[in-house]
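Undergrad: Following this message is one structure expressed as structure tokens.
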Amino acid sequence: ATQSISDSSSKVATMAALAAAALSTALPGQAGNALKTSIRTDGTNASWGYAELKHTPITTNTTAEPGRYYDIRTPGIILTIPATFVEGDPVGFGYSSGVNAFNTTLPRVDWTTNKVKGRTPGVMSLTGQNNHATVVFANSTDGFMEV
């Protein structure tokens, strides 16, 4: 029988056990890496990255998480970008072309204390159905930059 990869006894290992152990030790840590699906390397260390943003329709005020594209589907709601993003974290947003009532109750993006291209924009209204962006957090000086 195949032993578990945590078995440190002198039992004989099967090829399946060796393969499972080799894969689990080669992967970067799992904690804090939800939605990350690609592995990146700097030539020395491996880490998780985002291959694509997860499409996330929203109909109520929402606090953004890294790795998601927020499809705003309700007039007047606010997408809040918290100050917890770290270098390399992407986020995207826009509003659904099927929603027509935005002319009186505009959806907004609240950047809180975050910077965008080095400026602190505060709360931005999305004034047209072509208002959308995909950004990545670059650093504390520049904040978010367009991808």
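Undergrad: Any residue in the stretch 95-104 that is modelled with pLDDT of 95 or more and in a strand (DSSP E or B)?
TA: Taking every residue of the stretch 95-104 in turn, none turns out to be modelled with pLDDT of 95 or more and in a strand (DSSP E or B).
Undergrad: Test THR74 against the stated conditions and say whether it is over 16 Å from VAL147 (Cβ atoms), touching a Gly at 6+ places or on another chain (Cβ under 9 Å) and either outside any loop (DSSP other than H, G, I, E, B) or of a type outside the set (A, V, I, L, M, F, W, C) (or both).
TA: no
Undergrad: Now a separate question. Looking at THR56, is it surrounded by fewer than 14 Cβ atoms within 10 Å (Cβ to Cβ) and not in a helix (DSSP H, G or I)?
TA: When the stated conditions are applied, THR56 does not pass them.
Undergrad: Here is a further query. Can you work out which of the residues in the stretch 64-88 that are at pLDDT below 95 and closer than 21 Å to GLY128 by Cβ is surrounded by the most Cβ atoms within 10 Å (Cβ to Cβ)?
TA: ILE72
The values are calculated or read from the model by the stated rules, or taken from the named source; none is laboratory data. Only a predicted model underlies this, so the values are computations on that prediction, with no experimental measurement involved. A quick note on method: Cβ atoms are made from the backbone with ideal geometry, for glycine too, and the neighbour counts reach across all protein chains shown.
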